[in-house]
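Remarks on the structure that follows.
The values are calculated or read from the model by the stated rules, or taken from the named source; none is laboratory data. Just so it is clear, the structure is predicted and the values come from calculations on it, not from any experiment. Counting neighbours? That spans all protein chains shown, and the Cβs are built from the backbone with ideal geometry, glycine included. Protein only, heavy atoms only, side chains kept; ligands, DNA and RNA dropped before computing areas. Shrake-Rupley method; radii C 1.70, N 1.55, O 1.52, S 1.80 Å.
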Amino acid sequence: MQTLKTDRLLLRPWEPADADFVYDMYSRWEVQRFIGLVPRAMEDRSEADRLIERCRNFDHPVRGFWAVQRVVDAQLVGTILLKGIPASGEAPLQPSGDTEIGWHFHPDYWGKGYAAEAASAVLGHSFREGLGRVIAVTSAENTASQRVCERIGMEHQGTTKDYYNATCELYLAEAGSRAS
Ligand SMILES: CC(C)(COP(=O)(O)OP(=O)(O)OC[C@H]1O[C@@H](n2cnc3c(N)ncnc32)[C@H](O)[C@@H]1OP(=O)(O)O)[C@@H](O)C(=O)NCCC(=O)NCCS
């Protein structure tokens, strides 16, 4: 996975030593409430260890799960995900062929523009590496996430039921249609 840099942030692979941060972030309901069909806050630190292990074992030339840390003090602030998105259908859900971008940040670091700055870097990386389109899906209530989509130049496509067996707001970024 490529390490990426922005003015204020370093996007790098997860390390086992990051588990305290991961657990602190994902054990909070305000972080988890819009994530997954059945949102659930982490209840055990070993879940953070296993999540980091899965991220570290994920091997793909373009997609990835980045740990986002502040350059000035190396403080971890969140994560950006670039992954395949499953199509709606019978379980087990099958890949749709689309790539989705997602963001989960620790509430202590909301309201600083970090999610948009990091996500913009990952969109730029996606298009440099040859992806033609990247989508994002959010629940209708997740206005903070919708604002990130808009801030990084993704276009609202309306509501879709095509992914995750869920009704989502769909955002699209296409190569060549944004400055990156
Ligand atoms: C979605 C989420 C990442 C958004 O975080 P965020 O900090 O609001 O998003 P941004 O990084 O774009 O920051 C924008 C905010 O920072 C402010 N800001 C401060 N300094 C800034 C700067 N230098 N540049 C840009 N924005 C700045 C903006 O005014 C804006 O605040 P506002 O929305 O109150 O107007 C966060 O709410 C989160 O992690 N939620 C839980 C997980 C989740 O739901 N993920 C999405 C699943 S679809």
Query raised in the report: Which of (1) outside any loop (DSSP other than H, G, I, E, B); (2) open to solvent by 70 Å² or more (accessible area, probe 1.4 Å); (3) of a type in the set (D, E, K, R) is the odd one out, the single condition GLU117 does not satisfy?
Result: (2)
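For every residue, the table says whether it meets (1) out of contact with any strand residue (DSSP E or B) (no Cβ under 9 Å at 6 or more places or on another chain); (2) closer than 23 Å to TYR164 by Cβ.
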residue: ARG56; (1), (2): no, no
residue: PHE65; (1), (2): no, yes
residue: ARG70; (1), (2): no, no
residue: LEU82; (1), (2): no, yes
residue: PRO86; (1), (2): no, yes
residue: GLU90; (1), (2): yes, yes
residue: TYR109; (1), (2): no, no
residue: GLY113; (1), (2): yes, no
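Answer yes or no: is there a residue in the range 1-20 that is modelled with pLDDT under 95 and either within 16 Å of the chain's Cα centre (by Cα) or β-branched (Val, Ile, Thr) (or both).
So in the range 1-20, the residues modelled with pLDDT under 95 come out as 1-2.
Of the ones still in play, those that are also either within 16 Å of the chain's Cα centre (by Cα) or β-branched (Val, Ile, Thr) (or both) are 1-2.
Within the range 1-20 (the criterion being modelled with pLDDT under 95 and either within 16 Å of the chain's Cα centre (by Cα) or β-branched (Val, Ile, Thr) (or both)), the answer is yes, since at least one residue qualifies.
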Report summary line: Counted residues in the range 120-138 being surrounded by fewer than 15 Cβ atoms within 10 Å (Cβ to Cβ) and under 20 Å from CYS168 (Cα atoms) come to 1
Query raised in the report: Which condition number in (1) modelled with pLDDT of 95 or more; (2) in a loop (DSSP other than H, G, I, E, B); (3) surrounded by 14 or more Cβ atoms within 10 Å (Cβ to Cβ) is the one that GLU141 fails?
Result: (3)
